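Working notes, beginning with the structure itself.
Nothing in this text is a laboratory measurement; each read-out follows from the coordinates by a stated rule. Here the structure is a predicted model, which is why all the values come from computation and not from measurement. Note: ideal-geometry Cβ built from the backbone for every residue, glycine included; neighbour counts use all protein chains shown.
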Amino acid sequence: MRRNQHRRPALACLAVIALGTFLARAEAQLGPDGSPITTSNYSVDLTRGVVISTSRVVGLSGAATSLAQGVEGGLQNPAAVAYRGPQWPDWYDYWLAFGITYPFQSGDFYNSGRVVGGTRNLSDDTTLFLIPGAYWQMWNLGIGLTIDSQFIKLKGVRNPVTMQQETLRLRFTTFHIQAGYGFWDGQLIIGAGLRILRQRAFLSERAVSNGDVHQTLGLGAEVGVMLRPHHRRWSLGGALFPEISTGIRTRGNGTPAPNGDVLIGDFYLPRSTKIPTTGSIGFSYQFGPRPTNPPWVSAESLAADELERLERRKTVAKEDEEEELAAVRARGGPDLELCVQAVKQRYARKYAKIKQSRKQMKKAAWDMLRKQYRGGWPRRYYLLTADLWFNGRVDNGVGVESLLFQTVQRSGQEVTLSPRVGFETEVWPKRMKIRAGSYVEPSRFAQSKARNGMCSGSGRMTIDGRSR
């Protein structure tokens, strides 16, 4: 009985300590909407509702899941890395792209109900988006890299070392490393990739970092598929980007607070950045006489019969050369080496002619395929495309503006849907296409509602060998 009586005060003390720890942790939780951020125990919801990409994807309002191609489609569907169109009949192809979005008058860019500017030294040039990328394709195989970067600068943040007001710069960068393959002669394309999400924060008046105060890293995956039956008017596509969150690795020259908060002066950085699970399904249909979903044909395959005939000629010539050389060596004589060299030179000229014929045949097949694509097919077509995108939830998340204002505005509490439609046609044959589309941009915030986005654009088709 006495032992039990002695244990009761000890248990009571443990209970008080546990309660105090719980309350301390509760105090460190993110407060209600409208309250100041006083903890790093939150995540930034990096969902982007506005369609940002190259001219074709933007012109179609982002409805490109079923017809994504090249770098411009890689962020919509990873299968785009292996799409081979008929416009380039070589065994290889490459794509280069560079996109920049600089919202000079951003307004409520994130559809959060706010307007950037006028508070905490924010202005319309606070945010910059850069999207460079490169793809390399060999036959039905494709590999590529796309970098989706968001640059943010915030003036007037106190440097805890120098106690001076400096500019805080934030970098949110997603690296998409993709690979794909076209099966059934390119009718079924499957692509997948690795995503690397990096969040950086540093103090600098220049865009170059002298050392990150805080950096976190996260890894994720992505997968996409496109079904494009040859000569059919329709195509299907689907893509899935599972949730990715930083925090796998954290480093920097800043010193975290004892409770784990990451502070730069009075600015609370998030412990992680998240991109929620995102996915899409898409369908497209093309009207008009222009061929739809044409198979990719290489110059080598078109000239395969003639190239095989030349290869047989080369094989026969090698056999004849070996027989003549054997006869010359068997005959012998003081001029043996001269005779051997004469035979080799004669057959070398034959091989050079065969090689030149191969080159000419491949060039003729290349020209034939290019002329067929550019002038042999009817130009008139009308393309309709539709997508449905969804974005998952983010636990304990806030928006980018909430981070900048250091005011709680929860983001990603519900799954959001974004239907998109687009239209494309060629109004000036071989010179100009026009595109138009509309999409619903859902809000990730309870205080704001979905809004409609309208996109339009035109594309000039160049007449050189790399025209698309």
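Place the peptides 369-377, 321-329, 55-63 in order of packing, highest mean first, counting for every residue the other Cβ atoms within 10 Å and averaging per peptide.
The most tightly packed comes first, giving 55-63, 369-377, 321-329.
So, by mean Cβ neighbours within 10 angstrom, what's the order for 218-224, 400-406 with the highest one leading?
Top of the packing list down: 400-406, 218-224.
Which three numbers, in whole Å and largest first, are the semi-axes of the equivalent ellipsoid of the chain derived from its Cα gyration tensor as √(5λ)?
So the equivalent ellipsoid measures 59, 30, 21 Å along its semi-axes.
Taking the Cα-to-Cβ direction at His231 and at Phe390 and moving 7 Å from each Cα, how far apart do the two end points lie in nm?
Rounded to a tenth, the inter-label distance reads 3.7 nm.
Checking understanding here: applying a Kyte-Doolittle mean of at least -1.0 and a length along the axis of at least 24 Å (C-alpha), which whole DSSP H helices in the chain pass?
2-27, 336-371
How much length is gained if the chain between Ser301 and Ile281 is pulled fully straight, taking 0.36 nm per residue apart and subtracting their Cα-Cα distance, in nm to one decimal?
3.8 nm
So, R0 is 60 Å and r is the distance between the beta-carbons of Arg313 and Thr173; what FRET efficiency does that work out to, to 0.05?
For Arg313 and Thr173, the calculated efficiency is 0.60.
State, to one decimal in nm, how far the label point of Ser149 lies from the label point of Ser204, with both points 7 Å from Cα in the Cβ direction.
Using points 7 Å along Cα→Cβ, the separation is 1.1 nm.
Which whole-Hz couplings ³J(HN,Hα) result when phi for each residue of the stretch 83-90 is put into the Karplus expression 6.51 cos²θ - 1.76 cosθ + 1.60, θ = phi - 60°, listed in order with x for Gly and Pro?
Residue by residue, the stretch 83-90 yields 6, 10, x, x, 6, 10, x, 6 Hz.
What is the stretch 230-373 by shape, rounded, prolate or oblate, if you read a ≥ b ≥ c off the alpha carbon gyration tensor as root eigenvalues and call it rounded for a/c under 1.5, prolate for a/b larger than b/c, and oblate otherwise?
oblate
So which chymotrypsin sites (Phe, Trp or Tyr not before Pro) in the stretch 160-208 end up in coil per DSSP with only 15 or fewer other C-beta atoms within 10 Å?
Trp184
Applying the Karplus parametrisation 6.51 cos²θ - 1.76 cosθ + 1.60 with θ = phi - 60° to the phi angles of the stretch 205-220, what ³J(HN,Hα) value in whole Hz is obtained for each residue in order, glycine and proline being reported as x?
Residue by residue, the stretch 205-220 yields 7, 9, 6, 9, 8, 9, x, 6, 6, 8, 9, 10, 9, x, 10, x Hz.
Could you run the Karplus curve 6.51 cos²θ - 1.76 cosθ + 1.60 with θ = phi - 60° over the stretch 275-290 and give me ³J(HN,Hα) per residue in whole Hz, x for Gly and Pro?
10, x, 4, 10, x, 7, 10, x, 9, 9, 9, 10, 9, x, x, 5
Taking every pair of alpha-carbon atoms in the stretch 299-376, what share in percent sits in each 10 Å bin, from 0 to the bin with the longest distance?
18, 34, 22, 15, 8, 3, 0
To the nearest 20 Debye, how big is the dipole of the chain about its Cα centre, given +1 on the beta carbon of each Lys and Arg and -1 on that of each Asp and Glu?
That gives a dipole near 300 debye.
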